[in-house]
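Everything on this sheet refers to the single structure shown next.
The values are calculated or read from the model by the stated rules, or taken from the named source; none is laboratory data. Predicted model only: the values in this text are computed from it and were never measured. Neighbour counts are summed over all protein chains in view; Cβ atoms, including those assigned to glycine, are modelled from backbone coordinates with ideal geometry. For the accessible areas, the whole protein counts, side chains as well, though only heavy atoms, and no ligand, DNA or RNA atoms are used. Shrake-Rupley method; radii C 1.70, N 1.55, O 1.52, S 1.80 Å.
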Amino acid sequence: MAQLEHPTARGHFTQLLTEIIVAAKVVRNKVALAGIAEVIGEAGEKNVQGETVQILDELANNIMLRRLLHSGLIGILVSEENTDPVYPPEKYYDSEYCVAIDPLDGSSNIACNVPVGTIFGIWKRQSKEGKAPRSDALQSGRHMVCAGYVLYGPSSMLVYTTGTGVHGFTYDPSIGEFILTHPNMKFPEKCKCYSANESYWDWWQQGTRDFIHWVRESDSKTGRPFTARYVGSLVSDFHRNLLYGGVFMYPKDSKDPKFTSGKLRLLYECAPLSFIAENAGGKGSTGEENILDIVPSDIHQRVPLFIGNKREVEKAEEFLKNPSKS
C-alpha cells in the first residue's frame, strides 16, 4: 500500500523486502523445528567475531544469502557470519541496494527456547554501476532506507520502518502471511524496565554504574525504580522494551581487552535497531554519540549501545559525560 504513495516507484524496494520476508519464513520454520530436526548445537567453528557458530547460524545465513543474492536487487551484502562482504552473481553487479544482516541474533539461546531473531538494514548504493566497492557498505544509519527485524518467539513478528513510522506484523501460520497487528508503534511515554548484564559491573565505567544506581532509585515522578528484565537476546530485549517501555544497554567494559570499544556490531545490529528506535520516538546511542551519526570504519565494527526510551538514553549519556568520583 505504501508503494501507491510513490507513483514513480519501480517496485524494486518492495520486491527486496518481500525477498527478506520469504527468507525469514524459511528461517522461522527451521527455528520452530530445531529440536526435532536436530539442528541445535555448535557447528564446530568460529566466525569472524571469534564467536562459536551455532548450526542454526549457518542455516539461517545460507538461507538469507541464497535468497537475497539471486534476487537481482542487491549489489553487496554484509552478514555477521561472513568475514568479507558478499557479492551476487556478476550479472547482478549493477543492483541498487546494500543489505547488512544478522541472520540469527541470539542463536545460542535456542536450546532453552528463548526468542531469537533476524535483524536487517537496507541502504542504497552510492556507486552507480559495476561491482560495488566496500565503501558502499560503510554508510551511516542516516542513509538507511529501511531497517527491521523478525522475532521468532511464541508468535513470529516482523517489525520494520522506512523512516515514516514503525509497523509490526504478526505471522499467521494458517495462511503463511504476516498480518499488520501493530501499526505506528511508539515507545510508551514512561520507561518501565532496564536490560543489562550486571555481571559486568566491576568492568563498567563509573558513569555506567552511576546510571544503574539511578534506575534503581525510588522516584514516583519517573516511575523508578525500573524493573530489571534481561533475556540476553538483543532483538528480544529490544522488542519487549519497545512494547512496554525500557532501555537496553550493552556498554563498554574492560573485561576483555579485545572488546574495549563495545561488543555489539554497528552495521547489522545497532544501526538498524537505532533507526527503528528513532522512528518510534526513542533513541540509540553509544553513550557519547548518536548511533545513526557514526560512519562505519569496518563492516564488523563494534560499538557500545544504549537504546530505548529517549529520556532514559539521554540520562545515561549525562552520567557517562559527568561520572561521579566514587
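With a cut-off of at most 16 other beta carbons within 10 Å, and DSSP calling the residue loop, which GluC sites (Glu not before Pro) in the range 99-196 qualify? Please list them.
Loop-located and lightly packed - 129, 189.
Rounded to whole Hz and in sequence order, give me ³J(HN,Hα) for the range 154-167 from the Karplus expression 6.51 cos²θ - 1.76 cosθ + 1.60, θ = phi - 60°, writing x for Gly and Pro.
Listing the rounded values in order: x, 10, 9, 10, 9, 10, 8, 9, 10, x, 10, x, 10, 10 Hz.
What is the range 265-323 by shape, rounded, prolate or oblate, if you read a ≥ b ≥ c off the alpha carbon gyration tensor as root eigenvalues and call it rounded for a/c under 1.5, prolate for a/b larger than b/c, and oblate otherwise?
In terms of gyration-tensor shape, oblate.
Evaluate the charge dipole of the chain about its Cα centre and quote only its size in Debye, nearest 20, assuming +1 on the Cβ of each Lys and Arg and -1 on the Cβ of each Asp and Glu.
600 debye
Where the centroid of each part is defined by its Cα atoms, how far is the range 251-269 from the range 78-135 in Å?
If you average the Cα positions of each part, the centres end up 20 Å apart.
With springs only between Cα atoms under 10 Å, which of 30, 91, 310 fluctuates most in a Gaussian network model of the chain?
Of 30, 91, 310, the Gaussian network model singles out 91 as fluctuating most.
Restricting things to Cα coordinates, could you compute the convex hull volume per residue of the range 179-236 in Å³?
Numbers: hull volume 6.9 nm³, N = 58.
For the range 179-236, the hull spanned by Cα atoms encloses 119 Å³ per residue.
Taking N as the number of residues in the range 110-150, what is its alpha-carbon radius of gyration divided by 2.2 N^0.38 Å?
1.65
Report, by chain and number, residues whose modeled amide H sits under 5 Å from the one on residue 205, excluding near sequence neighbours (fewer than 5 apart, same chain).
Here the answer is none, since no amide H 5 or more places off falls under 5 Å of that of residue 205.
Scan around residue 117 for amide H atoms under 5 Å from its own, H built in the peptide plane at 1.01 Å from N, and keep only partners 5 or more places away or cross-chain.
Placed amide hydrogens put 105, 152 under 5 Å from residue 117.
Please state, as a whole number in µm²/s, the translational diffusion coefficient that the Stokes-Einstein equation yields for the range 210-296 at 37 °C and 0.692 mPa s, with Rh defined as the Kirkwood radius across alpha carbon pairs.
For these conditions, the coefficient is 229 µm²/s.
Starting from the amide H of residue 193, placed 1.01 Å from N in the peptide plane, find each other amide H under 5 Å away whose residue is 5 or more places distant or on another chain.
Those qualifying (amide H under 5 Å, at least 5 residues apart or on another chain) are 227, 246, 247.
Let me know the number of lysine pairs in the range 133-275 closer than 18 Å at the Cα, not counting same-chain pairs under 8 apart.
Lysine pairs satisfying the spacing and distance rule in the range 133-275 number 4.
Determine the shape class of the range 84-159: with a ≥ b ≥ c the square roots of the Cα gyration tensor eigenvalues, call it rounded for a/c under 1.5, and otherwise prolate if a/b is greater than b/c, oblate otherwise.
Working: a/c = 2.86, a/b = 2.23, b/c = 1.28.
Here the range 84-159 falls in the prolate category.
Computing the accessible area with a 1.4 Å probe over protein heavy atoms, can you report the carbon and sulfur percentage for the chain?
49 percent
Can you give the Rg and Dmax of the chain based on its C-alpha atoms, in angstrom?
Just the Cα atoms of the chain yield Rg and Dmax of 19.3, 61 Å.
What shape does the range 127-248 have by the C-alpha gyration tensor, where a ≥ b ≥ c are the square roots of the eigenvalues, rounded means a/c under 1.5, and otherwise prolate means a/b greater than b/c and oblate the rest?
Values: a/c = 2.20, a/b = 1.38, b/c = 1.60.
Oblate, because a/c is 1.5 or more while a/b does not exceed b/c.
Taking the DSSP beta bridges in the range 167-250 as the whole, what percent of them are antiparallel, to the nearest 5?
In the range 167-250, approximately 55 percent of DSSP beta bridges are antiparallel ones.
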